[in-house]
Amino acid sequence: TEHCSKMEENMEKSELAKEKIIAVTIDLIQNADGETHKITTRAIAKRAGIGVGLVNYHFKSKNKLIEICVQRIISDVIKSFKPDVNDELNSISRLKKVTKMVASFLIQNASVSKISILGNMNAPKIVDNTMTTVNGFLFSMEDYNIAKKEKMLLSFALTSILQVAFLRKDIMKENFGFDFNNKKEREIFIDFMIDKLFEGRQ
């Protein structure tokens, strides 16, 4: 009926508006130099060519919108951390390589990474960026000969260690004598943690 097609058209318009707001906000976040608090609802609405009320209508608050956008940015990045299964001698060296890539991304994008990790901790979901990271590490262990459940738990442990080390990065030197902000020291830490996690499982 005409009424149904009008409703569908409105829903489609609403979805398009939401996606436009998200796209604009992602662009603003990526150009904010980590200072997401400076992004205003007015700036988002102006860039999207809509009223401020529409942003609030779709996302309730600016912080909620930024969190959604950050989750999407990180999710897209995590999906790209999939090295060629044949490019390393074994799954452990491949896992170390991917973990170092993820850690470098966290440091280079500290503000959005913090929003993502804390957002996942505050409201965990079956599929969120934490679990996407877990599954990404799992992909690197594809040919590692242990039970899938054990791989999953090890991958979760590695993700948790990385997230906590990142969140505590500015006091890691005082606590443990290494600097997570320093690439070389960070990579030594990652090698150490992965070796310990997988010790005796080969």
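The values are calculated or read from the model by the stated rules, or taken from the named source; none is laboratory data. Because the structure is predicted, anything quoted here is derived from the model rather than measured. Heads up, the Cβs are rebuilt from the backbone with ideal geometry, glycines too, and the neighbour counts pull from every protein chain shown. In case anyone asks, the SASA skips ligands and DNA or RNA and just uses the protein heavy atoms, side chains included. Shrake-Rupley method; radii C 1.70, N 1.55, O 1.52, S 1.80 Å.
Here are some notes:
Conditions tested, residue by residue: (1) under 21 Å from LEU16 (Cβ atoms); (2) in a helix (DSSP H, G or I); (3) open to solvent by 20 Å² or more (accessible area, probe 1.4 Å); (4) touching a helix residue (DSSP H, G or I) at 6+ places or on another chain (Cβ under 9 Å).
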position	(1), (2), (3), (4)
ILE29	yes, yes, no, yes
ARG47	yes, yes, yes, yes
VAL55	yes, yes, no, yes
LEU65	yes, yes, no, yes
ILE68	yes, yes, yes, yes
ASP76	yes, yes, yes, no
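- Scanning the range 131-185 for residues that are under 18 Å from ALA110 (Cα atoms) and of a type in the set (Gly, Ala, Ser) returns SER160, ALA165.
- The residues of the range 109-132 that are among the basic types (Lys, Arg) and more than 22 Å from ALA32 (Cβ to Cβ) amount to a single one, LYS125.
- ASP191, sole failed condition from (1) out of contact with any helix residue (DSSP H, G or I) (no Cβ under 7 Å at 6 or more places or on another chain); (2) surrounded by fewer than 16 Cβ atoms within 10 Å (Cβ to Cβ): (1)
- Candidates ASP170, ASP179, ASP128, ASP143, filtered to the one that is open to solvent by 70 Å² or more (accessible area, probe 1.4 Å), of a type outside the set (Phe, Trp, Tyr) and in contact with a helix residue (DSSP H, G or I) (Cβ under 6 Å, 6 or more places away or on another chain): ASP143
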